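The values are calculated or read from the model by the stated rules, or taken from the named source; none is laboratory data. Computed from a predicted structure; not experimentally measured. With ideal geometry, Cβ positions are generated from the backbone for all residues, glycine too; neighbour counts draw on all protein chains shown.
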Amino acid sequence: MTTKWIEQQEHVALGDKAFLVSFSNENSGSTRYILRSQLVYINWSSELYLTGWCGMYSNVAIQGEGAWKVIRIAKSGRYLIEELEGTELAEFLEEMGYPELIP
């Protein structure tokens, strides 16, 4: 079970499942994580990616980080998320309309 703390998210509640995308700024060295309902795609081919590097825009690298669910929201507003695996991942991908990405 892989977990990760990320900053506060808009329109995401406890128990929600979503795709995690990272945005790494090469100038500042910072990385920001966003939970979203849509997959990220490679910028030159428009191929959808669940995980992996998807390109760079204005010195910001974009990467798909898989599918995750919110398991806790701290008083500080930070979110503890857990990566979906196995049957739970397959069911989520089917529900979201991406059965072709089921491992």
Inset, instruction - Give the residue, chosen from 84, 89, that is under 11 Å from the mean Cα position of the chain (by Cα) and over 27 Å from residue 26 (Cβ atoms). - result: 84
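Return the residue satisfying two criteria in turn: it lies in region 8-26 and is surrounded by 11 or more Cβ atoms within 10 Å (Cβ to Cβ) and aliphatic (A, V, I, L, M), and of such residues it is farthest from residue 72 (Cα to Cα). Even if it seems obvious, please write down each step before you answer.
Just the residues of region 8-26 that are surrounded by 11 or more Cβ atoms within 10 Å (Cβ to Cβ), to begin with: 8-9, 12, 14, 16-26.
Among the residues that remain, those that are also aliphatic (A, V, I, L, M) are: 12, 14, 18, 20-21.
On the way: 12: 11, 14: 6, 18: 14, 20: 16, 21: 19 Å.
For region 8-26, the residue satisfying everything is 21.
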Legend entry - Given (1) at pLDDT 90 or above; (2) crowded, with 16+ Cβ neighbours inside 10 Å; (3) among the aromatic types (Phe, Trp, Tyr), number of the condition residue 5 does not satisfy: (2)
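Which members of region 1-40 meet the condition of being among the polar types (S, T, N, Q) and more than 12 Å from the chain's Cα centre (by Cα)?
2, 3, 8, 24, 25, 27, 28, 30, 31
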Inset, instruction - Filter region 27-59 down to residues that are surrounded by fewer than 17 Cβ atoms within 10 Å (Cβ to Cβ) and among the β-branched types (Val, Ile, Thr) and give me whichever is farthest from residue 99 (Cα to Cα). - result: 31
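Could you please find all residues in region 10-61 being polar (S, T, N, Q) and at pLDDT below 85? Let's see the steps before the verdict.
Residues of region 10-61 polar (S, T, N, Q): 22, 24-25, 27-28, 30-31, 37-38, 43, 45-46, 51, 58-59.
Selection gives 43, 45, 46.
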